[in-house]
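So the structure is just underneath, and the comments pick up after that.
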């Protein structure tokens, strides 16, 4: 059962949007939510400065201590970011209180991806934005922190774009691989009661193939879910986007690795492509 959700925020509109999606899931699942604001230490630590001759064959460098004005600047920056983080958590707490959801707020300083992964060990689910504060620079890909977390998280991750609907219908591309089997079991154990409709997508399958994955489909129905089966001859990525347009699902559920072992690199190629491009939230299960 999902009892605790981690929602990292950085103060950007996208991160607040993903936090609100986390609240929707927490309400459906009866879970608590923890907002984690990581103050990026790359912004608060003074850079080391060195001097050395351009033609110094020994590459000797001499450290130049920063002047006091620069030191004060970084001290002020750290204080300002801490106050900003506190205001963000206060807003998250207010949103949680309105929905009567148990809330925890944490502020830490360090590298965002590393600290988020560390906190993920103590929760059941991570919900984060497709993009963060640098979204204006990266319209065509997911944020680098998001991708790093998806690749390394010890818990399932929901990647949430700015726009979303309350999840009632989940699109589940299934290929019989270990990753999709894990996702299937996760859905029946944790989500079938709160998100009762699942579209079972069998990509790269002709409609003439009778009984494909019939036992798996029966297994999902035994857990009270309403199942719609769609077989599509297209490759998984193309089939997913086609079904999104036709069936209007609210959530995509993916195993972290699919059946195409030759093109899986660190994370399944279909999975990483979908989290970068999807217009609806994507749940990645390991």
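The values are calculated or read from the model by the stated rules, or taken from the named source; none is laboratory data. Keep in mind that this is a model prediction, so the values were computed, not measured. Cβ coordinates were reconstructed from backbone atoms using ideal geometry, including for glycine residues, and neighbour counts include every protein chain displayed.
When residue 187 is tested against (1) touching a strand residue (DSSP E or B) at 6+ places or on another chain (Cβ under 9 Å); (2) modelled with pLDDT under 95; (3) part of a helix (DSSP H, G or I), only condition (2) is not met.
Note on segment 235-248: among residues that are at pLDDT below 90 and surrounded by fewer than 15 Cβ atoms within 10 Å (Cβ to Cβ), the one that is farthest from the chain's Cα centre (by Cα) is 235. Does residue 224 satisfy the condition of being in the same structural domain as residue 184 (by TED's automatic domain parsing), outside any helix (DSSP H, G or I) and either modelled with pLDDT of 95 or more or within 23 Å of residue 155 (Cα to Cα) (or both)? No.
Here is a yes/no grid of residues against (1) in the same structural domain as residue 23 (by TED's automatic domain parsing); (2) at pLDDT 95 or above; (3) loosely packed, with under 15 Cβ neighbours inside 10 Å; (4) more than 21 Å from residue 149 (Cα to Cα):
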site	(1), (2), (3), (4)
69	no, no, yes, yes
94	yes, yes, yes, yes
99	yes, yes, yes, yes
102	yes, yes, yes, yes
108	yes, yes, no, no
115	yes, yes, no, no
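Kindly check whether there is at least one residue in segment 191-198 that is part of a strand (DSSP E or B) and within 20 Å of residue 280 (Cα to Cα). Yes, segment 191-198 has at least one match. The condition of being part of a loop (DSSP other than H, G, I, E, B) and under 19 Å from the mean Cα position of the chain (by Cα) does not hold for residue 106.
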